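So the structure is just underneath, and the comments pick up after that.
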Amino acid sequence: MKRLSAEPPIALLLCNGEPPRRALAQRLARSCDLLVAADGGANSAAGLGLVPDIIIGDLDSVKPSTLRLFSGADVVRVTRQDNTDMEKALDHLRAGNVRRVILMGATGRRIDMTMANLAVLWGYVPAMEITVAGDDWYAVPVQGHRRMYARAGTTLSILPYGTCRGVTLRGLRYSLTNASLGVGEVGVSNVVKREHCGITIGRGRALVVVLAPLSPDHI
């Protein structure tokens, strides 16, 4: 799964939510340098045919049989209980100077955990470039400017987390220039016109959701 001459390194972080399809997980893993399982995410890794380099969390969800299977992995137990296993893993990666992360298994199963996992991402942006990926979609938290890559015709939505100002959208069917989006003013179902499009949030933050599988070419 290791890339050659990776610069900067990319980590694939597998959480304990709804696991992705095996084919997608393996494609993305081959484009990453490090595979990290957040606690019970290691159980999903076993089912996906992936071998984690690190298993981290309070270890209340990972099965003993999974730990035996991955006996070569570094196991990091963090007893702190006031944050999630995903946060424990992101903290560990940030401390290790990993600045690019693909998150899988961070959504699904429990709506509260899904919303929590998406909300806490802002504590890591912009220090880390994070992409949350599911089977047929991916999402990117944006503060400032971010270039996006998707095929023309792909649906893309802008979901503000609070008031956003200086919103500029380029390469989309419905463009904006230095606009404002208030709380609850979501920009759902925009459409990509050019493969390379740009999202700028001058002040504030928004989750950009692309309704297409994440391509390893665009990591």
Worksheet item: Are there any pairs with C-beta distances below 6 angstrom linking a residue in segment 122-145 that is at positive phi to a residue that is of a type in the set (A, V, I, L, M) and outside any loop (DSSP other than H, G, I, E, B), with the two at least 6 apart or on different chains, and if so which?
Response: none
Worksheet entry | Residue within segment 28-40 that is in contact with a Lys or Arg (Cβ under 6 Å, 6 or more places away or on another chain), surrounded by 18 or more Cβ atoms within 10 Å (Cβ to Cβ) and among the acidic types (Asp, Glu) present | yes
Fill in: Selection from segment 71-80 of residues that are at pLDDT 90 or above and surrounded by fewer than 20 Cβ atoms within 10 Å (Cβ to Cβ)
SER71, GLY72, ASP74, VAL75, VAL76, ARG77, VAL78
Fill in: Within segment 50-61, considering residues that are modelled with pLDDT of 95 or more and part of a loop (DSSP other than H, G, I, E, B), the one farthest from GLY105 (Cα to Cα)
ASP53
Item to complete: Tally the residues that are hydrophobic (A, V, I, L, M, F, W, C) and in a helix (DSSP H, G or I), restricting the search to segment 62-86.
Response: 3
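Here is a yes/no grid of residues against (1) at pLDDT below 95; (2) buried (at least 21 other Cβ atoms within 10 Å of the Cβ); (3) over 15 Å from LEU13 (Cβ atoms):
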residue	(1), (2), (3)
ASP82	yes, no, yes
ALA95	yes, no, no
VAL98	yes, no, no
LEU103	no, yes, no
THR107	yes, yes, no
TRP122	yes, no, yes
Worksheet item: In segment 61-86, how many residues are farther than 18 Å from PRO19 by Cα and either within 17 Å of the chain's Cα centre (by Cα) or of a type in the set (Asp, Glu) (or both)?
Response: 2
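Residues checked against (1) out of contact with any His (no Cβ under 9 Å at 6 or more places or on another chain); (2) farther than 23 Å from PRO213 by Cβ; (3) outside any loop (DSSP other than H, G, I, E, B):
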{"site": "LYS88", "(1), (2), (3)": "yes, yes, yes"}
{"site": "ILE102", "(1), (2), (3)": "yes, no, yes"}
{"site": "THR114", "(1), (2), (3)": "yes, no, yes"}
{"site": "ALA127", "(1), (2), (3)": "yes, yes, no"}
{"site": "GLN143", "(1), (2), (3)": "yes, yes, yes"}
{"site": "GLY153", "(1), (2), (3)": "yes, no, no"}
{"site": "GLY166", "(1), (2), (3)": "yes, yes, yes"}
{"site": "THR177", "(1), (2), (3)": "yes, yes, yes"}
{"site": "GLY184", "(1), (2), (3)": "yes, yes, no"}
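Quick grid of which residues meet (1) closer than 21 Å to LEU28 by Cα; (2) touching a Leu at 6+ places or on another chain (Cβ under 8 Å); (3) in contact (Cβ under 8 Å) with a residue 12 or more places away in the chain:
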residue: VAL76; (1), (2), (3): no, no, yes
residue: ASP82; (1), (2), (3): no, no, no
residue: ALA89; (1), (2), (3): yes, yes, yes
residue: ILE102; (1), (2), (3): yes, yes, yes
residue: ARG109; (1), (2), (3): no, no, yes
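The values are calculated or read from the model by the stated rules, or taken from the named source; none is laboratory data. Note that the coordinates shown come from a computational prediction; the quantities given were computed from them, not determined experimentally. Don't worry about glycine lacking a Cβ; one is built from the backbone with ideal geometry, like all the others, and counts go over all protein chains shown.
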